[in-house]
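The structure appears right after this line, and notes come after that.
Where a number appears in this text, it was derived from the coordinates with a stated rule and is not lab data. Predicted model, so just to flag it, every value in this text is computed and none were measured. Glycine also receives a Cβ, built like all others from the backbone with ideal geometry; neighbour counts cover every protein chain displayed.
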Amino acid sequence: MDADLRAVMRNFATGVAVATTYSDRADGRHHDAVTVNSLTSVSLDPPLVSLCLRLDSAFLADLLATKKWAVSILPDAARDLARRLAVDRARRADTVGTLPATAGARTGALVLDASSWIECVLWDSFDLGDHTLVVGEVVAVDDRAHGPALVFLHGRYHTLDDPTQ
């Protein structure tokens, strides 16, 4: 069934974002970032969003420990960055260290220079199959226009050229 569901879901276009969190260790703060396309607005009152992350994800473990994260919604110009962060933690570490980002004022998670961003604190989490759904209360946002939106469809990145149509 997995292959059939995966094939069907490849026909559903999603936005592309980078989620960030961190872990505090004896030698300092270690940031991490990963490409996601499971960002969903859950509620406006209170403001809640969700992400789905694999149960065995080191990123998820850090997020659940800090209870804080940020999500930066990517413009088309960030395709290469999306690809470089859509790999395992060891292979994305160099990219994380050079991100065009600053620590969010409300969470300390990295906020990228991107179309829009959201800072969240953990509201709740649920293990569902091979993933964990994390729900975050939105504590800060910024909305900027940086050109065409980046979307993921049929296993590839695409540009939404005209968001008004």
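Arg156 sits among other residues whose Cβ lies under 13 Å from its own Cβ, and their net charge, with Lys and Arg +1 and Asp and Glu -1, is +2. Over the residues of the chain, the helix contribution to mean residue ellipticity at 222 nm works out to -5000 deg cm²/dmol, using -39500 (n - 2.57) for each DSSP H run of at least 4.
Could you calculate the contour length gain from Met9 to Asp27, that is, 0.36 nm times the residue separation minus the distance between their Cα atoms, to one decimal place in nm? Intermediate results must be reported in sequence, preceding the final value.
On the way: separation 18, 0.36 × 18 = 6.48 nm, distance 4.15 nm.
Contour length minus Cα-Cα distance gives 2.3 nm.
With Cα atoms defining each centre, segment 94-164 and segment 18-88 are spaced 7 Å apart in the structure. The percentage of C-alpha pairs in segment 1-68 whose separation is greater than 15 Å is 65%. Here the 3J(HN,Hα) profile of segment 21-28, calculated from phi with Karplus coefficients 6.51, -1.76 and 1.60 at θ = phi - 60°, is 8, 7, 10, 9, 10, 4, 8, x Hz, Gly and Pro shown as x.
What does the charge count around Arg106 come to, taking other residues whose C-beta lies under 10 Å from its C-beta (Lys +1, Arg +1, Asp -1, Glu -1)? Please report the intermediate quantities before stating the final value.
Numbers: positive: Lys68; negative: Glu119.
Every neighbour counted, the sum reads 0.
Computed over neighbours whose Cβ is under 12 Å from that of Val42, the net charge equals -3, Lys and Arg +1, Asp and Glu -1.
Close amide H contacts of Ala86 (hydrogens built in the peptide plane, cut-off under 5 Å, sequence separation of 5 or more or a different chain): Thr35. Computed from the Cβ-Cβ distance with R0 of 22 Å, the FRET efficiency linking Leu153 to Val87 stands at 0.65. Put simply, the chain fits an ellipsoid with semi-axes of 23, 19, 17 Å; these come from the alpha carbon gyration tensor as the roots of five times its eigenvalues, largest first.
Comparing mean-square fluctuations of Gly97, Gly136, Gly15 from a GNM of the chain with C-alpha springs under 10 Å, the top value falls on Gly97. For segment 42-55, the Karplus equation 6.51 cos²θ - 1.76 cosθ + 1.60, evaluated at θ = phi - 60°, returns couplings of 9, 7, 9, 9, x, x, 10, 10, 9, 9, 10, 10, 4, 4 Hz by residue, with Gly and Pro reported as x. Distance between the 7 Å Cα→Cβ label points at Leu122 and Ala61: 1.4 nm.
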